[in-house]
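This report refers to the structure that appears directly beneath it.
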Amino acid sequence: MERKLSEASRRATPSPIQQLSHLAQRVGAVNLAEGFPDFPAPVHVKAAAAVAIAADLNQYRHVQGICDVLAETMKRDHGLHVDPLTDFAICCGQSEAFAAAIFAIIDPGDEVLLFDPSYETYQTCIELARGVPVYVPLDPPSWTLNGDKFLKSFTSQTKAVILNSPHNPTGKVFSKEDLLIISEACQKMDCFAITDEVYEYITYDENKHISLASLPGMQERTIITSSLSKTYSVTGWRIGWACAVANIAAAIRNIHVKLTDSAPAPFQEAALTALTSTPDYYESLKKDYGVRRDFILQLLKNYGFHISFEPQGSVFVFAELPKSWQISDIDFVTNLINNAGVAAVPGSGFFHTDPDDQSYHRRYVRFAFCKSDETLKAAAQKMVKPTESNRRVLHDSQ
């Protein structure tokens, strides 16, 4: 019966990243690969979930208060005026919100522009909708947006642009100048924008997240997606949302209901508590992540990496292998797991343009630092110095 499986399922095969994750689990490696926190969620948020479960709030549910709070937050943070009664869809995490948004706007053959490197889930959703992903490379080492290259990627079939900022895997925060280029192109070509803003509260130094929807002429064509997951360290709770003008939001809600019906009821109640956290919570969040970022940057420098771009936001460092290490990213990570007992993610899994034209695709490794002090210190103890197998020339497994 295997031959009767759908074409979509045949395309969704395990990646080298997934295979290396299994290897890391088998050897018990310190996990700097996956982007989930291994430290406790905030006490007040967990307590709210426990209260909701004890109150038997266990059935299909829509907690309107979430939309009310988000509308106030968007007005305060971005100057956006949204209607909490019509402009939101509460979904099972940002992933479902993004998928429902894609299914709401993409028809077979529609092209969707994405910035490369890119989080792999976007492509899968686009292809499930029978759309065509079109990748626009960001230029290393600072992952610069080349406006000319971006504009030349548009065709008469372009339906939407995907923007993830702060960006996974690079840690880039798209600047106001970047956003102006994107917004002008979207309006000129009359296309949608879908934003993934899950790291909106995790930025460093003087970098600040700006929502693309806040730029003139963009709110009516932008679908914002985000979630509780990263800001409140609850990636397994699956509470996210899409925000768009009423007719687009209605289409997303209709698809969401057909897919999953309702986001988890007790965690929707807890979301109300999370989203009304006091300002000092967000200040502490940025400060704590700033310390973790600086720790892992120093760890990688001590190990021999030359860090040419420090993350401006998110919870990842996208580090380039030193030129003297003639080794691919996959071989490096395999050796790091087997010899040092530390897991990271090969960068090549995030690149989608032709690797023969882009030699740097196999020269980057992503490290996650959304980890406890104990986990980061354990990694530092194991990564004292690179083993010889991470320095010498190895056959490229790709």
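Laid out as a table, the results:
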| item | result |
| --- | --- |
| Residues within region 196-238 that are under 16 Å from residue 289 (Cα atoms) and in contact with a strand residue (DSSP E or B) (Cβ under 8 Å, 6 or more places away or on another chain), tallied | 9 |
| Pair list, Cβ under 6 Å, 6 or more apart: region 230-243 residue in contact (Cβ under 8 Å) with a residue 24 or more places away in the chain, other residue among the hydroxyl-bearing types (Ser, Thr, Tyr) | 230/199; 231/201; 235/229; 240/227; 242/225 |
| Any hit, region 276-288, residues being assigned to a loop (DSSP other than H, G, I, E, B), within 24 Å of residue 80 (Cα to Cα) and under 22 Å from the mean Cα position of the chain (by Cα) | no |
| Pick from region 7-21, criterion open to solvent by 60 Å² or more (accessible area, probe 1.4 Å) and among the polar types (S, T, N, Q), ranking: farthest from residue 362 (Cα to Cα) | 13 |
| Given (1) in contact with a Ser or Thr (Cβ under 6 Å, 6 or more places away or on another chain); (2) outside any helix (DSSP H, G or I), number of the condition residue 349 does not satisfy | (2) |
| One residue from 217, 147 being farther than 26 Å from residue 103 by Cα and not hydroxyl-bearing (Ser, Thr, Tyr) | 147 |
| Helices (runs of 4 or more DSSP H) (entirely within region 2-83) containing at least 2 residues that are modelled with pLDDT of 95 or more, within 25 Å of the chain's Cα centre (by Cα) and closer than 27 Å to residue 199 by Cα | 43-54, 64-78 |
| Within region 84-158, helices (runs of 4 or more DSSP H) holding 3 or more residues that are hydroxyl-bearing (Ser, Thr, Tyr) | 121-128 |
| Residues (open to solvent by less than 20 Å² (accessible area, probe 1.4 Å), under 17 Å from residue 84 (Cβ atoms) and of a type outside the set (Gly, Ala, Ser)) located in region 229-247 | 239, 241, 243 |
| Qualifying residue in region 22-35 (condition: closer than 28 Å to residue 261 by Cβ, out of contact with any Leu (no Cβ under 7 Å at 6 or more places or on another chain) and surrounded by fewer than 15 Cβ atoms within 10 Å (Cβ to Cβ)) | no |
| Members of region 17-71 that are within 30 Å of residue 330 (Cα to Cα) and without any contact (Cβ under 8 Å) to a residue 12 or more places away in the chain | 18, 19, 22, 25, 26 |
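The values are calculated or read from the model by the stated rules, or taken from the named source; none is laboratory data. Given the structure is predicted, the values throughout are model-derived calculations rather than measurements. Quick reminder, even Gly has a Cβ in these numbers, built from the backbone with ideal geometry, and neighbours come from all protein chains shown. These area figures cover heavy atoms from the full protein model, side chains too; ligands, DNA and RNA do not enter into them. Shrake-Rupley method; radii C 1.70, N 1.55, O 1.52, S 1.80 Å.
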